[in-house]
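The values are calculated or read from the model by the stated rules, or taken from the named source; none is laboratory data. What you see is a predicted model, and the numbers here were worked out from it, not measured in a lab. Positions of Cβ are generated from backbone atoms using ideal geometry, with glycine treated the same way; all protein chains shown enter the neighbour counts.
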Amino acid sequence: MKKQTILFIGAGRMAESIISGLVKSPNIEDIYVSNHRNREKLMNLENKYGIRPSFSWSSDAEKADMILLAMPPEAHPEFLKELKPVLTGQFVVTIAAGIGPSFLEEHLGQDVPAAWIMPNTASEIGESMSLVAYGQAALEHHKLMLKDVLDAIGESEVCTEEQVHQLTAITGSAPAFLYAFAESLIEQAETYGISHEHAVKLVSQMMAGSSAMLKLKKAPKELREQVTTPGGATAEGINVLVQGGYSRLIKEAVIATNRKALGKWQENQ
Ligand SMILES: NC(=O)c1ccc[n+]([C@@H]2O[C@H](COP(=O)([O-])OP(=O)(O)OC[C@H]3O[C@@H](n4cnc5c(N)ncnc54)[C@H](OP(=O)(O)O)[C@@H]3O)[C@@H](O)[C@H]2O)c1
């Protein structure tokens, strides 16, 4: 595969997570990075990763194979108006919440190869579970190009645009549900007289170990049953969760997240 040049529009947390992994890829020729007004941030990224700061994105766009939009969703409509006349076949990818490939196509044209990726905050440590949806004009070589970006931040799954809208609640928001679960366990552990640091260590390693077991492709039901002797102590704890509507609450939390995200997306239209 020919080495790729990528132009980032936006140099925030997400862009930096991707860049930090991408600079290790042998398939990247150059990375240009532009943002709104914070030039110091671009210089920092240049010192840290050897990227090329872009102070005129529209002239650097012509050198790019891929233009990666890592800026807020609400900045997209204005920016896409400026981008449209500059495009000469570049693959346009956004990581913005709610901005699917059909939105890009509507603003840039159906023939523009486009994609939407939805990473989560674990991309910071190369452990994201990212979702990706392609537009109609994205071809196999575009998908290979984007794989480098996705591999730089963790694992990924190709979905339809509608599925990305729905599943972002699970891959993007549910980490917050898990952290809330961890907070409760930490608070309870502290009541048994250990320090906050010790409680955090106990809970985070317990969660990391459990997640590693799940990743070994064991069924969660089987894993749960391994820990839960019928009539035993763990079963008593599980009972409290069941009585409180644990499973229903989690599903409702996903549905509420999606409802809110849809409302915000409609507001931005
Ligand atoms: N953070 C996450 O966990 C996460 C997860 C999935 C998706 N996302 C999406 O990723 C995108 C970026 O998020 P982030 O957390 O990296 O945000 P961030 O840290 O606030 O960075 C936003 C960047 O966008 C730039 N920007 C803002 N308006 C712009 C414009 N009109 N033209 C060019 N650049 C502009 C900012 O430049 P200045 O600093 O110069 O203003 C900044 O570099 C968002 O669309 C978000 O929905 C984030």
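Residues of region 82-98 being surrounded by 24 or more Cβ atoms within 10 Å (Cβ to Cβ) and within 11 Å of the ligand (Cβ to nearest atom), which ones?
Matches in region 82-98: Thr94, Ile95.
Please enumerate the residues belonging to region 23-80 that are polar (S, T, N, Q), outside any loop (DSSP other than H, G, I, E, B) and either in contact (Cβ under 8 Å) with a residue 60 or more places away in the chain or more than 8 Å from the ligand (Cβ to nearest atom) (or both).
Asn44, Asn47, Ser58, Ser59
Conditions: (1) surrounded by 14 or more Cβ atoms within 10 Å (Cβ to Cβ); (2) at pLDDT 95 or above; (3) part of a helix (DSSP H, G or I). Leu131 meets all but one. Number of the miss?
Unmet for Leu131, out of (1) surrounded by 14 or more Cβ atoms within 10 Å (Cβ to Cβ); (2) at pLDDT 95 or above; (3) part of a helix (DSSP H, G or I): (3).
May I ask you to list the residues in region 3-22 that are hydrophobic (A, V, I, L, M, F, W, C) and either free of Cβ contacts under 8 Å to residues at least 12 places away in the same chain or away from the ligand (no atom under 14 Å from the Cβ) (or both)?
Ile6, Leu22, listed by residue number.
Residue-wise test of (1) surrounded by 14 or more Cβ atoms within 10 Å (Cβ to Cβ); (2) more than 27 Å from His141 (Cβ to Cβ); (3) of a type in the set (A, V, I, L, M, F, W, C).
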{"residue": "Gly10", "(1), (2), (3)": "yes, no, no"}
{"residue": "Glu16", "(1), (2), (3)": "yes, no, no"}
{"residue": "Asn27", "(1), (2), (3)": "yes, no, no"}
{"residue": "Ile31", "(1), (2), (3)": "yes, no, yes"}
{"residue": "Asn35", "(1), (2), (3)": "yes, yes, no"}
{"residue": "Lys41", "(1), (2), (3)": "yes, yes, no"}
{"residue": "Leu69", "(1), (2), (3)": "yes, no, yes"}
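Scan region 104-125 residue by residue and report those that are in a strand (DSSP E or B), touching an Asp or Glu at 6+ places or on another chain (Cβ under 8 Å) and more than 13 Å from the ligand (Cβ to nearest atom).
Passing the criteria: only Ala114.
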